[in-house]
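Report on one structure; see the data block that follows.
The values are calculated or read from the model by the stated rules, or taken from the named source; none is laboratory data. Since the structure is predicted, the reported quantities are computational estimates derived from the model, not experimental observations. Here Cβ is always computed from backbone atoms with ideal geometry, including for glycine, and neighbour counts include all displayed protein chains.
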Amino acid sequence: MLNLLEVINLSVQFDTYQGMVEAVDEANLTIKKGEVVGLVGESGCGKTTMARAILNVIPSPPGKISKGQVFFQGRNILLMEEKELNLSIRGKAITLIPQDPLGSFNPLFSIGTQIKDIARQKLISQSEPKRLGNHKEEMKQKILMMLNKVKLPTPETFLTRYPHELSGGQRQRVMIAMALLTDPLLVIADEPTTFLDVTVQAQILEILQHLVREEHVSVLYITHNLAVASKISDRIVVMYAGQIVESASTDSFFAHPAHPYTRKLLECLPSQAREIKGIPGNVPSLINPPKGCRFVSRCDRAQSECFQKRPLQEEIASDHWIHCYHPILKNEE
Amino acid sequence: MTTYKIIFREFLNDRLAVMGLGIILILLLTALFAPFLAPDRSAIYDINPQKKLKAPSWEHPFGTDHMGRDILSRVIFGTRITIIIAIIAVGSALTIGVPIGLIAGYYENWLSGFLMRISDIFLSFPQFVLAMALAVVLGPNIKNAILALSITYWPWFSRIVYAETLFVKHSTFIEATEALGANKFRIMAFHILPNILSPIIVRSTIGMGYTILTAAALGFLGVGAQPPTPEWGLAISEAREYLPGAWWYATFPGMAIFVVVMAFNMFGDGLRDVLDPRLRISGK
């Protein structure tokens, strides 16, 4: 399979009053065509920053991409002209399903106005800007079809309604429809189910999964929920304090999680039988983070070298990559 | 459409605001139909020494001035000047101030600092003193008075728009729009501006009243409208010499200023209450 997106050595920094925050540190990420990658990590570990860096919309100042490349279909997004990015990448080839479906709609305009706006900007403008009229009906059909696909009953009635008149699940469905409207190659779903309750969450995941398979798009699914990630992804990437610590195919990942952090994270998943466990300690401050492995202060396998230098990427099994000097190997169990 | 209906109904409940709107409408109609309403059209400019300083009567309900001109007709024609001053001054202040506030609020870099410091420099003088100084330098006439008012009033708009833009630009939907690849102009004009329209509308309405008052003051001090323009402030200034004997001369133009400015303020207050429910006082 072809690599659709390749993030190489990406670092993002934010200049705050307390000092320079390294929100993302030398992250590598590859998404193949048609692949669903689950990016998992705690709150504030740099998942969303990563997503924004891929679209090159880091708010600057205070943020900046200090290092690295983001290749999309072989072209470095970070070097592309703003105009070209707006025209052919953002909202077109790469779309975003945001975390907060209410806040992400402009409250002053109806759903229909906002969808049509995207359709007008992204579906027509490049090809034949003059013949807007001819496309109107075609555009509307496409919008209705998309709303149908996300299983909104009677899509026509939704077009005239305002964002606050919809339920959370409906809003997120409209967001998914909007994200898939332009036939994107990559959809970045930034915790799209976080604000929803479990039953709606299951529905949304199902819709998303179905559409992804149907439309053959690649997805970067950002979540802090390992269970959700396991359900939807082909591949799981774990982030901790701005760094990627483990990356493996979903099967290999759950069969044999090798990084101590991943291990502990999995132990934290609440199950009915056991008590809820946590990971002792806190995420290190990202202002002057530890020199070595960032998990070192909470790791029970840490040795002296872990404090000195960040472990390099290492392949411990076929397509199972890890940043750790002392991974939990298979024969240990 | 229902939203507008609700706003309209709320507005109708506010008696003072409706009264303000009514007076403003009467003012507009008066200005529009001034030639038909004024009892004596020729009496606006024509000097008529025999009728000098006559007290109010059936023939001259507001009396006559020191040149024998009908004060009622002059007050009626004064509405035109008043409205032109208010619209042009507030309009140009909007045209300058709103884009500056938007740009300064949206871009957080040296440019925004630069634009807001310029606004601050204007705001560091009392507007009236600045407008007066400008009007004197440019030469006392009504055009320069309007120009001076416009140049000194825009920082109020840029301040408000700047603050509101800062607030709105960090909304999730602006970030989402950026991720959708909308360009900066589009975001400012079609996404931020509609969201901050209410404070701009309210400020404009109250600003109209304020501008009318300032223009009248400039006229009174002799750096605004010049004789024989039937401007209200100027009329009061001319009437000073004949007080208290010819009380009607200053009273009626003064009443006109008072009523119009109050109407704009009442209307503006009512609009603010309807458009920004956060500022409402409980029990109202």
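The numbered conditions (1) in contact (Cβ under 8 Å) with a residue 40 or more places away in the chain; (2) farther than 14 Å from B:A215 by Cβ; (3) surrounded by 19 or more Cβ atoms within 10 Å (Cβ to Cβ) are all true for B:T64 except (1). Return the residues of the stretch A:188-209 that are under 15 Å from A:A177 (Cβ atoms) and in a loop (DSSP other than H, G, I, E, B); say none if nothing qualifies. Within the stretch A:188-209, just A:P192 meets the criteria. Do you know which of the residues in the stretch A:63-87 that are hydrophobic (A, V, I, L, M, F, W, C) and assigned to a helix (DSSP H, G or I) is farthest from A:N3 (Cα to Cα)? Looking at the filtered set, the residue picked out is A:L87. The one condition from (1) closer than 24 Å to B:G20 by Cβ; (2) of a type in the set (S, T, Y); (3) within 14 Å of another protein chain (Cβ to nearest Cβ); (4) crowded, with 21+ Cβ neighbours inside 10 Å that B:T177 does not meet is (1).
Starting from residues that are among the small types (G, A, S) and more than 20 Å from B:I201 (Cβ to Cβ), keep the ones in the stretch B:143-170 and report whichever is farthest from the other protein chains (Cβ to nearest Cβ). Outline the logic, then answer.
To start, the set of residues in the stretch B:143-170 that are among the small types (G, A, S) comprises B:145, B:148, B:150, B:158, B:163.
Imposing the further condition that a residue be more than 20 Å from B:I201 (Cβ to Cβ) reduces the set to B:145, B:148.
Numbers: B:A145: 37, B:A148: 36 Å.
Result: B:A145.
Suppose the filter is out of contact with any Cys (no Cβ under 6 Å at 6 or more places or on another chain), over 30 Å from A:Q121 (Cα atoms) and not in a helix (DSSP H, G or I); does B:G181 pass it? So B:G181 fails the test.
Residues are listed down the side, and each one gets a yes or a no for (1) within 14 Å of chain A (Cβ to nearest Cβ); (2) surrounded by 18 or more Cβ atoms within 10 Å (Cβ to Cβ):
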{"position": "B:T172", "(1), (2)": "yes, no"}
{"position": "B:A182", "(1), (2)": "yes, yes"}
{"position": "B:H191", "(1), (2)": "yes, yes"}
{"position": "B:Y210", "(1), (2)": "no, yes"}
{"position": "B:L221", "(1), (2)": "no, no"}
{"position": "B:P228", "(1), (2)": "no, no"}
{"position": "B:G233", "(1), (2)": "no, yes"}
{"position": "B:E238", "(1), (2)": "no, yes"}
{"position": "B:W248", "(1), (2)": "no, yes"}
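Looking only at the stretch A:226-263, count every residue that is surrounded by fewer than 20 Cβ atoms within 10 Å (Cβ to Cβ) and in contact with a Ser or Thr (Cβ under 8 Å, 6 or more places away or on another chain) and tell me the total. So that I can check it myself, show each step before the final result.
Going residue by residue through the stretch A:226-263, those that are surrounded by fewer than 20 Cβ atoms within 10 Å (Cβ to Cβ) are A:227, A:230-231, A:234, A:249-252, A:254-256, A:263.
Applying the additional criterion that residues be in contact with a Ser or Thr (Cβ under 8 Å, 6 or more places away or on another chain) yields A:230, A:234, A:250, A:252, A:254.
Looking only at that region, the number is 5.
If you go through the stretch A:83-101 and keep only what is within 8 Å of another protein chain (Cβ to nearest Cβ), over 18 Å from the mean Cα position of the chain (by Cα) and not polar (S, T, N, Q), you end up with A:K83, A:L85, A:L87. Taken across the stretch A:112-126, residues that are assigned to a loop (DSSP other than H, G, I, E, B) and at pLDDT below 85 do occur, with at least one present. Looking only at residues of the stretch A:37-61 that are more than 10 Å from chain B (Cβ to nearest Cβ), of a type outside the set (S, T, Y) and over 24 Å from A:V217 (Cβ atoms), we find that the one that is surrounded by the most Cβ atoms within 10 Å (Cβ to Cβ) is A:C45.
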